[in-house]
Structures are given as structure tokens and as C-alpha cells.
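Student: Here you go, one structure.
The values are calculated or read from the model by the stated rules, or taken from the named source; none is laboratory data. This structure is a prediction, so every number in the text was calculated from the model and none was measured. Every residue, glycine among them, receives a Cβ derived from its backbone with ideal geometry; neighbour counts consider all protein chains shown. Just the protein is used for accessible areas: all its heavy atoms, side chains included, with ligands, DNA and RNA removed. Shrake-Rupley method; radii C 1.70, N 1.55, O 1.52, S 1.80 Å.
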Amino acid sequence: MTYETIVFDLDGTLTDPAVGITGGVRYALGKFGIAEEDWEKLCAFIGPPLKESFQKFYGFTPKEIEEATGFYREYYGRQGKFENRVYDGIPQMLSRLHSAGKRLCLATYKGEGTAREILDYFGLTSCFCKIAGQRMGSEELQKSQMIEGILEELETSHKERAVMVGDRRHDADAARESGIHSIGVLYGYGSKEELSGAGAEILAADVKELERLLLG
């Protein structure tokens, strides 16, 4: 398959955000008197929408979810966004894909401004032609809506040449809902079973294999 438009997830796909996200979740839970030390439970917050995870794992009410999300953003905006690292090989892969004429895009549940700050911090922004995320004061978007907005803005009519790359079921779900291809990466935070069950068409064990697939 030859892909022309490649939409990347951020957390667990381009960067490993474990320290910053788990720190933010711990901080938010602490405001409710919850001292969570289960690393796997904290890491489950990486990828899905925050609100979904606070409800799923702690049974928070809508009001508590809004408060917890605010506390999380307080921590993440202050320090968590930079408690992050780029996976080995990602900068080189993005550079080669960009040089090969691929249109690289980003779709993340993070705020769009925060996503740009992270890409800027790691010197990756120039590789991307479109960055999509949540916008303050606007209705919360599903990832499929972000993908559709990207394709519309880029005037991409050939969906068969577009692919979503991510590490969680939400990425594969969004690709299917948008009518584009999907590749699941196994070096992030989603399991083989999760990604396959969500319909990821191809699985990449590491960045080297991912690059090979994307370059065709």
C-alpha cells in the first residue's frame, strides 16, 4: 500500500508521555483524597480521553470529571507536557517521510496548543502540515471528526491512500469510522489484542517496521 496522507496519534505513538500524564492523574486524584500508586492503572490514562478514564476507573460524576480534568490540566500545563520523551527513531522517520513527499498530520485528544508546544519542544513541528486537537471553548471532538476535518482541509478525496497510526483502540476506531486505513503500533500502550480487536489492519512492532510500512 502506498500512503499519501499519514495521520499520527501523539501519546504512545510519537512520544512516551508516561511520567507527565501519570503525574497529572496522580495530582488530580489527590485533590479527591485518592492516593493511586497502581502504575498500570495510571498508564491506562495514556491515549483515551481523560473524561472517559476518570469515569471508567473511578466512577466520577460529570461534575467530578470536570473538576478532575481541570486539576490534571493545571499540572500538565505547568510541567507534565515536558515530562516526555520522543521514541527512538521517530525524528529520523518523520524527516524521511516528509522528504518522500508524504503529508504528515497529527490528531490528538490533547489541546491543539499543547500538542504544538510539545512538537515545538522536540523540534518536530516542521514535518507536519496539519495538527488537530481539542480547542478551548469549543465542543469536544472525537478523533474521527479530527481526521475528517484534516482530510477536508487537505482536500483529500482518495481515502484509500490515507492512514491513521496509533497505539490504542481509539485510533483504530477513528480510522474505521473515517473510512481510512489503520496501523497499530505495539511499542506504545495498547496491546496486540486491543488493537486487533478494534480492527487495526496492520501492526508494527517497532519504529523501524513502521517506517518500512509507511514508505511502502
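Student: Tell me, what is the per residue accessible area of the chain in Å², probe radius 1.4 Å?
Tutor: Roughly 46 Å² per residue, with all protein chains present.
Student: While we're looking at this one, here's another question. By how many degrees, between 0 and 90 and to the nearest 10, does the Cα long axis of helix 90-99 differ from the longest principal axis of the chain?
Tutor: Rounded to the nearest ten degrees, it is 40.
Student: Can you compute the modelled spin-label distance between PHE122 and ALA205, with each label point 7 Å from Cα toward Cβ, in nm?
Tutor: Going from the PHE122 label point to the ALA205 one covers 2.3 nm.
Student: With a 10 Å radius around each residue's Cβ, average the other Cβ atoms per peptide and rank 3-10, 31-38, 88-95, highest first.
Tutor: Top of the packing list down: 3-10, 88-95, 31-38.
Student: If all Cα-Cα distances of the range 28-74 are sorted into 5 Å bins from 0 onward, what percent lands in each bin, rounded to whole numbers?
Tutor: 5, 22, 36, 31, 7, 0
Student: Relative to the Cα centre, what is the charge dipole magnitude of the chain, using +1 at the beta carbon of each Lys and Arg, -1 at the beta carbon of each Asp and Glu, and rounding to the nearest 20 debye?
Tutor: Working: 26 positive and 35 negative charges, 62 e Å.
The dipole magnitude comes to about 300 debye.
Student: Still on this structure, I have one more. What order, most packed first, do the peptides 171-183, 72-84 have when packing is the mean number of other Cβ atoms within 10 Å of each residue?
Tutor: 171-183, 72-84
Student: When the helices in the chain are scored as -39500 (n - 2.57) per DSSP H run of 4 or longer and the sum is shared across all residues, what 222 nm value do you end up with, to the nearest 500 deg cm²/dmol?
Tutor: -13500 deg cm²/dmol
Student: Which three extents, in angstrom, do the Cα atoms of the chain have along their principal axes, listed largest first?
Tutor: 51, 34, 30
Student: Which residue fluctuates the most in the chain, going by a Gaussian network model with Cα springs under 10 Å, if the choices are TYR187, TYR121, TYR27?
Tutor: TYR121
Student: Let's see if you can work this out: charge +1 on each Lys and Arg Cβ, -1 on each Asp and Glu Cβ, no other charges. What is the dipole magnitude of the range 88-188 about its Cα centre, in debye to the nearest 20?
Tutor: I would put it at about 300 debye.
Student: Beyond 24 Å between alpha-carbons counts as too far, so tell me which of LYS41/LYS192; LYS81/LYS208; LYS56/LYS208; LYS41/LYS130 fall in that bin. Can you show the working numbers first?
Tutor: Details: LYS41/LYS192 18 Å; LYS81/LYS208 26 Å; LYS56/LYS208 34 Å; LYS41/LYS130 32 Å.
Correct reply: LYS81/LYS208; LYS56/LYS208; LYS41/LYS130.
Student: Carbon and sulfur atoms: what percent of the 1.4 Å accessible area of the chain do they account for?
Tutor: Heavy-atom surface of the chain belonging to carbon and sulfur, 1.4 Å probe: 48 percent.
Student: How much accessible area does GLU148 have with a 1.4 Å probe, in Å² rounded to the nearest 10?
Tutor: Accessible area, nearest 10 Å²: 80 Å².
Student: In addition: Relative contact order for the chain: what percent, with Cα pairs under 8 Å and sequence separation of 6 or more?
Tutor: Contact order relative to length: 26 percent.
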